[in-house]
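Chemist: Below you'll find the structure I mean.
Quick note: the coordinates plus some simple rules give every number you see, no bench work behind them. All of these numbers come straight from a predicted model, not from anything done at the bench. Every residue, glycine among them, receives a Cβ derived from its backbone with ideal geometry; neighbour counts consider all protein chains shown.
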Amino acid sequence: MKRAGDDDLGCDLAAVAAWFPHEQDTPYVLVRVDGTAADAWGAALGVVVRRCYVTDLELDNRSQEAGHSKLALVGAKLPDAGPTMAGDFGEILTFLYQAAKEYPAKALGPKKWRLKQDRTKPAPYSDVVHLVLPDWPNASTRDVLLCSEVKTKSTSGKFSPIADAIEDCEKDRTSRLAKTLVWLRDRALFEDLGDVSVDQLERFIRATDFPAATKRFRAVAVICATLLDAELAATPVRASSDYTLVVIAVPDLHRIYSGVFAAALQSATQPQTTLPPRSAR
């Protein structure tokens, strides 16, 4: 049975929140993930990550209709090892972090990884989006739209995840988030985004038709802990009023995300505890 803190991925957000202790909050948020917690992510996140790409119901149906094994179907959804896998992991980790930060409020997040046209490339538009609608089905001034731009660095190189996340966060604030919402609305007409409906997306797309809502932006850098000290040189000396910079350090990041995706693939061969229909949640 789902607990009150679970999201539609079957993830206990109260437990997830403990993975992300804030070491500092200004001028930027610094999170150092404990090594023991990260080592447990393979077991904790295998099914969760697989559900980001394909639901239990779709996996069951496609396996029965097409006669393909679930292992083959999941393998056709997950990215290959490399930059796209690392980037997807950073986005999914940020998705969980952002949802957990809002708990016990319910943050509704479209699972945009299900919408990929090419599993070898990142999903388009804004990286992580959540809607907080505490009075739904009524729109209110308490509604919040959350958006995070995510950059991930697991190996050494010239790439600067902090500077790039800040730069691309500006694109979200000026135009990309609006385009993202329209894209998600159009895809939601035909596909399952998770716990987000067309009407909920329309509430923010046609913002002037509803009470004023709040928008919050984050620039997120997910960095291997061994690279952290060098990368922190790119952090600003003052906090921005436009966005929050979040730096998440993960021990042995390459090994951790590789293990999580291996677990996501293998979860296809295990008995599934299918989530209840959305109407029953």
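Chemist: Treating the beta-carbon of each Lys and Arg as +1 and of each Asp and Glu as -1, no other charges, what is the dipole magnitude of the chain about its Cα centre, to the nearest 20 debye?
Modeler: Working: 35 positive and 37 negative charges, 64 e Å.
Dipole of the chain, to the nearest 20 debye: 300 debye.
Chemist: Lysine pairs in segment 15-271 8 or more apart or on different chains: how many have alpha carbons under 17 angstrom apart?
Modeler: Summing the qualifying lysine pairs gives 18.
Chemist: Determine, for LEU177, LEU232, the number of other Cβ atoms within 10 Å of each Cβ, and report the residues in order from fewest to most. Show your work: numbers first, answer last.
Modeler: Details: LEU177 20, LEU232 15.
Going from sparsest to densest Cβ surroundings: LEU232, LEU177.
Chemist: Starting from the amide H of VAL220, placed 1.01 Å from N in the peptide plane, find each other amide H under 5 Å away whose residue is 5 or more places distant or on another chain.
Modeler: Under 5 Å from the amide H of VAL220 lie the amide H atoms of GLU149, VAL150, LYS151, VAL246, each far enough along the sequence or on another chain.
Chemist: Still on this structure: Normalised by the residues of the chain, what does the relative contact order come to in percent, with Cα pairs under 8 Å and at least six apart?
Modeler: Details: 469 pairs, mean separation 77.2, N = 281.
Relative contact order, the chain: 27 percent.
Chemist: Based only on other Cβ atoms within 10 Å, what is the fewest-to-most ordering of LYS121, LYS77, LYS111? All intermediate terms of the calculation are to be shown ahead of the outcome.
Modeler: Numbers: LYS121 12, LYS77 19, LYS111 22.
The fewest-first ordering by Cβ neighbours comes to LYS121, LYS77, LYS111.
Chemist: Oh, and also: Using only helices, what value at 222 nm comes out for the chain when you add -39,500 (n - 2.57) per DSSP H run of length 4 or more and divide by the total residues, to the nearest 500 deg cm²/dmol?
Modeler: Details: 11 runs with 109 residues, N = 281.
After summing the helix terms and dividing by the residues of the chain, the value is -11500 deg cm²/dmol.
Chemist: Mind putting together the pair-distance distribution for the chain? All Cα pairs, 5 Å bins, whole percent per bin, short to long.
Modeler: For the chain, the binned pair fractions read 1, 5, 12, 17, 20, 18, 14, 8, 4, 1, 0, 0 percent.
Chemist: I've got another one for you. With only alpha-carbon atoms in the gyration tensor, what are the semi-axes of the equivalent ellipsoid for segment 159-281, in Å, largest first? Provide the component values of the computation, followed by the final result.
Modeler: Working: eigenvalues 185, 152, 25 Å².
Rounded to whole Å, the semi-axes are 30, 28, 11.
Chemist: Still on this structure: Return the equivalent ellipsoid semi-axes of segment 147-212 as a descending list in whole Å, where each equals the square root of 5 times an eigenvalue of the C-alpha gyration tensor.
Modeler: Details: eigenvalues 176, 49, 14 Å².
Largest first, segment 147-212 gives 30, 16, 8 Å.
Chemist: By what distance, in whole Å, do the Cα atoms of segment 1-120 stretch along each of the three principal axes, largest value first?
Modeler: The Cα atoms of segment 1-120 stretch 52, 35, 26 Å along the principal axes, largest first.
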